[in-house]
Every structure is written in structure tokens, then in C-alpha cells.
Amino acid sequence: MQETFTISELGNEFGITTRAIRFYEDKQLLSPSRQGNRRVYSRSDRTRLKLLLRGKRLGWPLEEIRDVLNMYDQGHEGEIQQLEYTCRKVRESREQLEQQRRDIEAALQDLDSIESRCLARIDLLIADEKETGQAENRA
């Protein structure tokens, strides 16, 4: 298995820009070694980036992602803490997404109701127009 990676290799693998990776470095979420001006990322850096991107996909703030990454660096005991923390965060995220789903369903029902009322009103106005037009023609 490959031991080191360039910034371009990681960017290509994870579908992100090298600028994004440098941003994570600036935020001290990644810290590659250097060979001259060239960044050299380890397997650990790759794993940290993978975890970081997973946290972002779940909508976690960078501070919380940093906490998880710092636990990752603490070895076995840190891994247990990381997994427990991640499970808590997953439950919180799931609850939030379920609430958003309920809110979206309620909003869709409201939209359906409003649309039905609008269409019914349009039909009524068109029917009134036809009756008024027919009454004027008879007069």
C-alpha cells in the first residue's frame, strides 16, 4: 500500500481541490511533512482527510471535526473516545435530519393545500366570468 501522497493525489482521490486541502492545513486539521517546497502526506494524513470530509458531509462544524481528529491521534484509548463521540454526533445529526424531514413534509403539505385552494379559486373565477359573459349576451 502506498505510504505517502502528494496534494494532487489526495485531491484527485477525494474529488476536492488542492486549495481545499491547503485550507484544511491552514486550519491545522492536516499537517503534512515537507520535502523542500513540496507537501508530503502520510497514510495518517490521508485518513484524517477522509474523516474530515465525512464530517463535513454530515454537516459537522470544523471545530467538532477537529475534536474527532485529535482523538484519532491518541491511539487506542483515543479511538474509543473518538468512536463514542462519533456515535453521539451521529445520533444528533440523525435527529436533526429527521426533524428537517418532518419540516419538509409539513411544508410540502402546506404547498399542496395552497395550490389546491388557488386552483379551486381560479376555477370559480373562470366559472363566474363565463356566467357573467353569458348573462350579458342574453341581455
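Quick note: the coordinates plus some simple rules give every number you see, no bench work behind them. Note that the structure is a prediction, hence the values are computed from the model and not measured. All Cβ positions, even for glycine, are placed from backbone atoms using ideal geometry, and neighbour counts span all protein chains on display.
Of Ser8, Gly59, Leu49, which is farthest on the positive side of the dipole of the range 1-60, counting Cα position, with +1 on Lys and Arg Cβ, -1 on Asp and Glu Cβ, and the Cα centre as origin?
Positive-end residue among those listed: Gly59.
Computed FRET efficiency, Cβ-Cβ of Glu63 and Asn37, R0 22 Å: what is it to the nearest 0.05?
Rounded to the nearest 0.05, the efficiency is 0.15.
Once you have all Cα-Cα distances for the range 8-58, histogram them in 10 Å bins from zero and send the whole-percent values.
The percentages, shortest bin first, are 24, 65, 10, 1.
Can you give the helix-only mean residue ellipticity at 222 nm for the chain, where every DSSP H stretch with n ≥ 4 adds -39500 (n - 2.57) and the sum goes over all residues, rounded to the nearest 500 deg cm²/dmol?
Counting only the DSSP helices, I get -27000 deg cm²/dmol.
To the nearest 20 Debye, how big is the dipole of the chain about its Cα centre, given +1 on the beta carbon of each Lys and Arg and -1 on that of each Asp and Glu?
Here the size comes out at about 900 debye.
So what is the diffusion coefficient of the chain in µm² per second by Stokes-Einstein at 4 °C and 1.567 mPa s, using a Kirkwood Rh over Cα pairs?
For the chosen part, D equals 66 µm²/s.
Considering every Cα-Cα pair within the range 74-139, what fraction, in whole percent, is farther apart than 20 Å?
64 percent
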